[in-house]
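The values are calculated or read from the model by the stated rules, or taken from the named source; none is laboratory data. Model, not experiment: these values are computed from the prediction. In this analysis, Cβ positions are derived from the backbone assuming ideal geometry, glycine residues included, and neighbour counts consider all displayed protein chains. Calculation scope for accessible area: heavy atoms of the full protein, side chains included, ligands and nucleic acids excluded. Shrake-Rupley method; radii C 1.70, N 1.55, O 1.52, S 1.80 Å.
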Amino acid sequence: MITRTVKQRLPWDLVKPCPKPLDKSAATTGVIVERVQHAEAALASCSAQVDGVRKWNEGRSEATRGEGAVK
């Protein structure tokens, strides 16, 4: 009997780095609005990644139930 260890890896979309903050000084109202919009988009992106990891992990927990899966 041959035993193989299979390492599960998360999909790249779930582990890629979150967007970096803008590197602009808030000199005008337009820049402030742009920074807020960028921050909201970055937060939405990171939140989606965390939700995706949770969903992926729940699927893994179901598949490995009884094999020491952590809930």
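Please go through the stretch 1-13 and pick out each residue that is surrounded by fewer than 10 Cβ atoms within 10 Å (Cβ to Cβ) and either in contact with a Pro (Cβ under 8 Å, 6 or more places away or on another chain) or part of a loop (DSSP other than H, G, I, E, B) (or both).
If the condition is that a residue be surrounded by fewer than 10 Cβ atoms within 10 Å (Cβ to Cβ) and either in contact with a Pro (Cβ under 8 Å, 6 or more places away or on another chain) or part of a loop (DSSP other than H, G, I, E, B) (or both), then Met1, Ile2, Thr3, Arg4, Thr5, Val6, Lys7, Gln8, Arg9 are the ones that fit.
Taking the stretch 14-31, which residues are more than 26 Å from the chain's Cα centre (by Cα), open to solvent by less than 80 Å² (accessible area, probe 1.4 Å) and hydrophobic (A, V, I, L, M, F, W, C)? Break it down into steps so the answer makes sense when it comes.
Step one: list which residues in the stretch 14-31 are more than 26 Å from the chain's Cα centre (by Cα), which gives 25-31.
If we keep only those that are open to solvent by less than 80 Å² (accessible area, probe 1.4 Å) as well, we get 26, 28, 30-31.
Hits for the stretch 14-31 are Ala26, Val31.
Residue check: is Thr29 among the β-branched types (Val, Ile, Thr) and at pLDDT below 80?
On the way: among the β-branched types (Val, Ile, Thr): yes; at pLDDT below 80: no.
The answer is no for Thr29.
From the set of residues in the stretch 32-50 that are under 13 Å from Val15 (Cβ atoms) and not hydroxyl-bearing (Ser, Thr, Tyr), which is surrounded by the most Cβ atoms within 10 Å (Cβ to Cβ)?
In the first step, residues of the stretch 32-50 are kept if they are under 13 Å from Val15 (Cβ atoms); the result is 45-46, 48-50.
Still in the running and not hydroxyl-bearing (Ser, Thr, Tyr): 46, 48-50.
Values: Cys46: 13, Ala48: 12, Gln49: 17, Val50: 11.
Among those that are under 13 Å from Val15 (Cβ atoms) and not hydroxyl-bearing (Ser, Thr, Tyr), it is Gln49.
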